[in-house]
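Worksheet: one structure, shown below.
The values are calculated or read from the model by the stated rules, or taken from the named source; none is laboratory data. All figures in this text were calculated on a predicted structure; none of them were measured in a lab. All Cβ positions, glycine included, derive from the backbone under ideal geometry; neighbour counts span all protein chains shown.
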Amino acid sequence: MRERSTRWTRRRFLHGTGLASVLGGLSLGRTADAAIAQTIRDAGVVADGIYANLGVRPLVNAAGTYTALSGSIMPPEVVAAMEEASRQHVSIGELQAAVGQRIAGLLGAESALVTSGCAAALTLATAACVCGTDEEHIKQAPDTTGLKNQVILQKSHRFGYDHAIRNVGVELVEVEGSDQLSSAINDRTAMLFFLNVAEHEGAIGREEFARLAKRSGIPSLIDGAADVPPASNLRAFIEMGYDLVAFSGGKGIRGPQCSGLLLGRRDLIDAAYLNGSPHSNSVGRIGKVGKEEIVGLWKAVELYLQRDHAADWRDWEQRVEVVQRAVAGIRSVEAEPFVPKIANAVPHLAITWDATDLGLSRAEFVEALRDGDPRVEVRPSRSDDPKLEIGVWMLEPGEDQIVARRCAEVLATAAAG
Ligand SMILES: *Cc1c(COP(=O)(O)O)cnc(C)c1O
């Protein structure tokens, strides 16, 4: 109740100040923002807490589930489950088996393992295909001499996280097209890998890849880390025939930030478990998960499946509209909603402007949002083009108003200057 009225007050307050600043000559800078922040603090809306104590300034996440921005925020039910799990000791083996069975049951998979992230799931999956359950082989990795130690993938599916696969000491064999794939397969091939977000960047699509893998008898792994929502993906890749499927637990599923999910064939999941924590002499031991993460991810998956996904979507669209309306009408500014095709496939807003006309570069816009109070972070970009992408799905209730106000202030100030 208290929380609710606080949010309401804050939203009303920010709405008011936002309006005032836009009307008030548009010359507000850092000082004004600091003054606004002080007023909010005086009103007791922003409480002192752990982060304030550390001098670490929290941020409004208008980017998305970026690990560097601390990913996602867990629903209170997940935090409560983790808190409850934290109070007693259990056997990690028994807990992993029990939770794995529950999650597998929910998602139509044979078996499942909670990992410390999707990257860890990639390492464990690879280790399972290379070392299996053989104790000596598990100890030997990442030296893979004498073992099947090649992983085949399409050239366009090389990516930053393939380091997690290479950690097992395998050689990545790049192919283009199904003919090259077939002829690359040999008796040292341990695994075939598909990166879901690169679905449209290779000659072989995900369904054909799964079929080719099935026919070859080589285990296949697909990385769908950031590809929930849609919720249907949690089942789709298993149904397509992938032997192993990896997801992040701390992205769209909103489980513990240090959690991931490996789904698939029972024999391979059993092997993945033996290649990681709590087994000390294994390549995956660095990706430890505790009882809290194991229980937390189970709870998060359960909750996620129960959500009204259509209602979530409408809510995200409304947030996009709030920001779009706030910047519409500012000179030379355009704002267009968009939905990425794969990965983070939820409503976003792209804001573009004439950098010369407004005398505002992308970097300056990003800095102004970062330096403001509250601090706002938007999607990172490799390009300096005058374009800002706003992700709204990780915003807490009411924060869309803050993002709208700050974006409008920065643009309007530039337009007035
Ligand atoms: C985020 C991401 C990962 C890593 O996931 P973590 O859960 O942070 O370990 C791996 N692959 C892709 C495609 C990702 O987007």
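Every residue in region 328-342 that is of a type outside the set (Ser, Thr, Tyr), surrounded by fewer than 19 Cβ atoms within 10 Å (Cβ to Cβ) and either more than 18 Å from residue 64 (Cβ to Cβ) or touching a Lys or Arg at 6+ places or on another chain (Cβ under 9 Å) (or both), please. The answer is 328, 329, 331, 334. In summary, helices (runs of 4 or more DSSP H) completely within region 63-143 and bearing 1 or more residues that are closer than 25 Å to residue 232 by Cβ, in contact with a Lys or Arg (Cβ under 6 Å, 6 or more places away or on another chain) and away from the ligand (no atom under 16 Å from the Cβ) occur at 76-85, 92-107. Pairs are defined by a Cβ separation below 6 Å, a sequence spacing of at least 6 or placement on different chains, a first member in region 160-176 that is without any contact (Cβ under 8 Å) to a residue 40 or more places away in the chain, and a second member that is part of a helix (DSSP H, G or I); the pairs so defined are 173/184; 174/155; 175/181; 175/184; 176/155.
Of everything in region 144-172 that is charged (D, E, K, R) and not in a loop (DSSP other than H, G, I, E, B), the residue that is surrounded by the fewest Cβ atoms within 10 Å (Cβ to Cβ) is 171. Scanning region 386-410 for residues that are outside any loop (DSSP other than H, G, I, E, B) and in contact with a strand residue (DSSP E or B) (Cβ under 8 Å, 6 or more places away or on another chain) yields 387, 388, 389, 390, 391, 399, 402, 403, 406, 407. Scanning region 241-264 for residues that are crowded, with 19+ Cβ neighbours inside 10 Å and outside any strand (DSSP E or B) yields a total of 13.
Assess whether residue 201 counts as being of a type in the set (Asp, Glu), within 16 Å of the ligand (Cβ to nearest atom) and either surrounded by fewer than 19 Cβ atoms within 10 Å (Cβ to Cβ) or touching a residue at least 60 places away in the same chain (Cβ under 8 Å) (or both). Break it down stepwise before answering.
Working: of a type in the set (Asp, Glu): yes; within 16 Å of the ligand (Cβ to nearest atom): yes; either surrounded by fewer than 19 Cβ atoms within 10 Å (Cβ to Cβ) or touching a residue at least 60 places away in the same chain (Cβ under 8 Å) (or both): yes.
Judged against the criteria, residue 201 is a match.
Within region 336-367, which residues are among the small types (Gly, Ala, Ser) and under 25 Å from the mean Cα position of the chain (by Cα)? Don't jump to the end; show me each part of the working.
Applying the first criterion (among the small types (Gly, Ala, Ser)) to region 336-367 yields 343, 345, 350, 355, 359, 361, 363.
Hits for region 336-367 are 343, 345, 350, 363.
For region 355-370, taking the residues that are in contact with a Lys or Arg (Cβ under 8 Å, 6 or more places away or on another chain) and farther than 23 Å from residue 319 by Cβ, the one that is surrounded by the most Cβ atoms within 10 Å (Cβ to Cβ) is identified as 358.
Among the residues making up region 155-171, those that are farther than 17 Å from residue 248 by Cβ and within 13 Å of the ligand (Cβ to nearest atom) are 157, 158, 167. All conditions but one from (1) under 18 Å from the mean Cα position of the chain (by Cα); (2) within 15 Å of the ligand (Cβ to nearest atom); (3) not in a helix (DSSP H, G or I) apply to residue 231; the one that does not is (2).
The residue pairs whose first member lies in region 226-237 and is farther than 17 Å from residue 109 by Cα, whose second member is part of a loop (DSSP other than H, G, I, E, B) and hydrophobic (A, V, I, L, M, F, W, C), and whose beta carbons are closer than 8 Å, counting only pairs six or more residues apart or on different chains, are 226/343; 227/342; 227/343; 227/345; 229/345; 229/346; 230/345. Condition first: free of Cβ contacts under 8 Å to residues at least 60 places away in the same chain and farther than 19 Å from residue 314 by Cβ. Now tell me which residues in region 336-350 satisfy that. Within region 336-350, 350 is the sole residue that qualifies. Beta carbons closer than 7 Å, at least 6 apart along the sequence or on distinct chains, pair a first residue in region 57-72 that is touching a residue at least 60 places away in the same chain (Cβ under 8 Å) and farther than 16 Å from residue 118 by Cα with a second that is within 10 Å of the ligand (Cβ to nearest atom) and part of a loop (DSSP other than H, G, I, E, B) for 64/344. Scanning region 104-118 for residues that are under 20 Å from residue 258 (Cα atoms) and buried (at least 23 other Cβ atoms within 10 Å of the Cβ) gives 112, 113, 114, 115, 116, 117, 118.
Just wondering, is there one or more residues in region 85-94 that are under 22 Å from residue 269 (Cα atoms), crowded, with 19+ Cβ neighbours inside 10 Å, in contact with a helix residue (DSSP H, G or I) (Cβ under 8 Å, 6 or more places away or on another chain) and modelled with pLDDT of 95 or more? Write out each step before concluding.
Filtering region 85-94 for residues under 22 Å from residue 269 (Cα atoms) gives 90-94.
Cutting the leftovers down to crowded, with 19+ Cβ neighbours inside 10 Å gives us none.
No, every residue in region 85-94 fails to be under 22 Å from residue 269 (Cα atoms), crowded, with 19+ Cβ neighbours inside 10 Å, in contact with a helix residue (DSSP H, G or I) (Cβ under 8 Å, 6 or more places away or on another chain) and modelled with pLDDT of 95 or more.
Please work out which residue is nearest to residue 240 (Cα to Cα), limiting yourself to region 173-210 and to residues that are among the charged types (D, E, K, R) and part of a loop (DSSP other than H, G, I, E, B). Step by step, filter region 173-210, then rank; the result is 176.
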